[in-house]
Number of protein chains: 2
Amino acid sequence: MNLKELAGILGLSQTTVSRALNGYPEVSEETRERVRLAAERHNYRPNHRAKSLATGRAMAIGHVIPISTKHEMVNPIFGDFIAGAGETYVKQGYEMVLTVVEDNKEDEAYRQIKSRGNVDGVVVHGPTLNDPRIALLNEIGLPFVVHGRSSGSNQRYSWVDVNNKRAFERATDFLLDLGHKRIALINGLENMDFAIRRRAGYETAMTKRGIEIDTSIMRSAEMTEIYGYRAAREILAADNAPTAFIVSSMICAIGVRRALSDLGLQMGKDVSIVTHDDMLSYLPNGDDVPIFTATRSSVREAGKRVSDMLIRCINGEIESSPTLLLEAELMVGQSTGPAPR
Amino acid sequence: MNLKELAGILGLSQTTVSRALNGYPEVSEETRERVRLAAERHNYRPNHRAKSLATGRAMAIGHVIPISTKHEMVNPIFGDFIAGAGETYVKQGYEMVLTVVEDNKEDEAYRQIKSRGNVDGVVVHGPTLNDPRIALLNEIGLPFVVHGRSSGSNQRYSWVDVNNKRAFERATDFLLDLGHKRIALINGLENMDFAIRRRAGYETAMTKRGIEIDTSIMRSAEMTEIYGYRAAREILAADNAPTAFIVSSMICAIGVRRALSDLGLQMGKDVSIVTHDDMLSYLPNGDDVPIFTATRSSVREAGKRVSDMLIRCINGEIESSPTLLLEAELMVGQSTGPAPR
DNA sequence: GCAAAACATCAAAGCGCTTTGGGGATGATT
DNA sequence: AATCATCCCCAAAGCGCTTTGATGTTTTGC
């Protein structure tokens, strides 16, 4: 059933039917109702492609997921982010189109997306230090919002980010207040912007208290459970082992916990852990009482915010480049306690 | 830059340019080359919407991700599955469009997808017992492939699935061979098809050895770490505690491991664990030596297979409803050992 | 009672592409 | 020289929708 047929059935022109269905005022309420009913009865639904060809609006948002050629990891937060964004899209009648791109072919990928014209804008995932995609997107004029920020970029752009620096500064302070002095940092890959900021937060807090930064108890890698485990084992085996860990993700923290348990150390007593918690739906941090003390910020919520902001930019509801900085909460759980002496 | 303009520049008709670019034989190689060069030089890329309107092919595959209204969990395998499917799509020039749908509005969602016409087919995720979507999709005539199967459905349909029953039967046998007699099952939600089959495999193996099924050491829920932990604590606290666990996901298994560690029990010695491992990229099961003994099957690979199968169905390269049953490997790791006496 | 304004509807053009149905050269065949 | 393929290429229709510019019909105001 297409517009032409429906118009035929109703004995109206396509123009009128189209206007009736799209809420234009040039059509009487009576006719509108008649059209609406007929549309429903005959199960008419406008063809999206034709519509977007005619309007020039794709009513779709693109998400480019970079698949690193080196480390083949899919970002575990992806599912929850998408779920959040999806909520917005459903409400606003948008679609979400995903493109998987190897990180060396990004340039071409974005240009293609632009000229193929089936999205109105894109969400940029996983920004790195001075991320080249931002300049690229500005250049080709495709609307976008970044989930995160890009340190070192002097471009103007929209973003939604968690205050990673503040979060980790607070986490560090929290441990320092508990009397910990040797605090290890198990961070994500430090070409990622979030990791850079978290490290900065950690270093700021340490430095403020006059504690020297010791890179021998700092690590940076893709955040798997194994990595957390390995890093913790190594660090705890060395002389002058730390009494606390700050960890960049729950999955890593689980690895650290396993290391403690292997060594017969009690979490929250012998060694404290603070982790960042993205509130992934499949990895809840306990229920009533958090297991880990954590800086907490919902990635699903971020997904909602990012997509919402992008749609509003596209609709011209916002001029200039809006930004949004979300604060992470510090949830005290069972994984921290006073420094042992 | 669009076709018309490019044709203008070249002094050719749109027809010729279109044919040259799409490899039709009605154009001389010389002209084709000239067109190709000009296209590249002027950065011409065909508009996808217009193309699909004209051809009737969207060159896109839909993925409907059900967001349960009750349990708000996003399936953790989603990211990796998508990454696998994405590889296929990139190669074949397809796009992936995601629709997030609340599980009670699925009917309307699929109809909408069909009539909006911007996908050529869909992948069905997370099939349940006698999943109504299968009949629906058959009815509305939208090509689809199911990732998994649907027990109890008498519909004809394409699917790609892991042999869950066999996998869990083997896992159970493996434990039985090690002398375990009390084996707990920590399963996923048993309205999901995969969970039903896994349970069947477990029960088959137990029954074959004349061991009675004891539902007091069987659990079924959404597979979180906490759930694994809780279930294990409960089950181990009861009389006649099992000496082994079969677990439906790595995340759960990690919870079970934590329970053991809390109770001072040694994994692989006091209590054995076999888990299913979807080979999620962010949750590798060790590296050289697997941590958990596991039935292993790559969900990313499944993503590739499913999408590939769907595209071939759409292209009419396969008649009837193809199916593919993948076998899981049983990887022996450090989490299993002979039953203690 | 009549011009002006307001209302309800339509025909047709256009979005950017593919594809059908020709048609003019060129060279080979009778 | 006339006929017939073969090659290249083109004009125009069509995909299903929106939107512009017009047209016919009422209603309103003085």
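The values are calculated or read from the model by the stated rules, or taken from the named source; none is laboratory data. All values reported here derive from a predicted model rather than from experimental measurement. Positions of Cβ are backbone-derived with ideal geometry, glycine not excepted, and every protein chain shown enters the neighbour counts. Just so you know, the surface numbers come from the protein's heavy atoms only, side chains and all, with ligands and any DNA or RNA stripped out. Shrake-Rupley method; radii C 1.70, N 1.55, O 1.52, S 1.80 Å.
Amide H to amide H, with H built 1.01 Å from N, B:Ser220 comes under 5 Å of B:Asn187, counting only residues 5 or more places away or on other chains. Of all the accessible heavy-atom surface of chain B, with the other protein chains kept in place and a 1.4 Å probe, what percent is carbon and sulfur? Carbon and sulfur together cover 49 percent of it. Here A:Thr215 yields copy-to-copy label distances, from shortest upward, of 6.1 nm, the label point defined as 7 Å from Cα along Cα to C-beta. Diagonalising the gyration tensor over the Cα atoms of the protein assembly as shown and scaling each eigenvalue by 5 before taking the square root yields semi-axes of 47, 33, 23 Å, largest first. In this rough spin-label picture, where each label sits 7 Å from Cα along the Cβ direction, the A:Ala237-B:Arg36 distance is 5.6 nm. Computed about its Cα centre, the charge dipole of the range B:53-164 is approximately 280 debye, with only Lys, Arg, Asp and Glu carrying charge at their Cβ. Placing one equal scatterer on every Cα of the range A:164-297 and applying the Debye formula, the log10 ratio I(q)/I(0) at q = 0.10, 0.11 Å⁻¹ is -0.27, -0.32. In nanometers and ordered shortest first, the copy-to-copy spacing of the A:Asn22 label point, defined 7 Å from Cα toward Cβ, is 2.7.
Taking a straight line from the alpha carbon of B:Lys91, these lysines sit under 25 Å away, with near neighbours fewer than eight places off in the same chain left out: A:Lys70, A:Lys105, A:Lys114, B:Lys51, B:Lys114, B:Lys304. When exposed loop sites are taken as GluC sites (Glu not before Pro) in a DSSP loop with at most 14 other Cβ atoms within 10 Å, the longest stretch of chain B clear of them is B:73-211. For the pair the range A:1-47 and the range B:200-246, the centres of their Cα atoms are 58 angstrom apart.
Hey, quick one: spin label on B:Arg209, modelled 7 Å out along Cα-Cβ, who in the range B:231-262 has an amide N within reach, i.e. under 18 Å? Answer for this model: B:240-248. Just how far, in whole angstrom, is the range A:279-316 from the range B:301-315 if you go by their alpha carbon centroids? Comparing the Cα centres of the range B:301-315 and the range A:279-316, I get a distance of 32 Å. Per the Debye calculation on the range A:3-55 with a single equal scatterer at every Cα and no solvent contribution, log₁₀ I(q)/I(0) for q = 0.17 Å⁻¹ amounts to -0.47. Straight-line cross-link reach from A:Lys165 at under 21 Å between alpha-carbon atoms covers these lysines, not counting any fewer than eight positions away in the same chain: A:Lys181, A:Lys208. Computed with every protein chain present, the accessible area of A:Met73 is close to 30 Å² [probe 1.4 Å]. With Rh defined as the Kirkwood radius, the inverse of the mean 1/r over Cα pairs, the Rg/Rh of chain B is 1.12. Note on B:Asp103 and B:Glu327: the model spin-label points, each 7 Å out from Cα along the C-beta direction, lie 3.3 nm apart. Interface area, chains B and A: about 4900 Å² of buried accessible surface, summed, with a 1.4 Å probe and ligands, DNA and RNA left out.
Counting partner chain Cβ atoms within 10 Å of every residue's Cβ in A:43-51, what's the average? Shielding by partners across A:43-51 averages 6.
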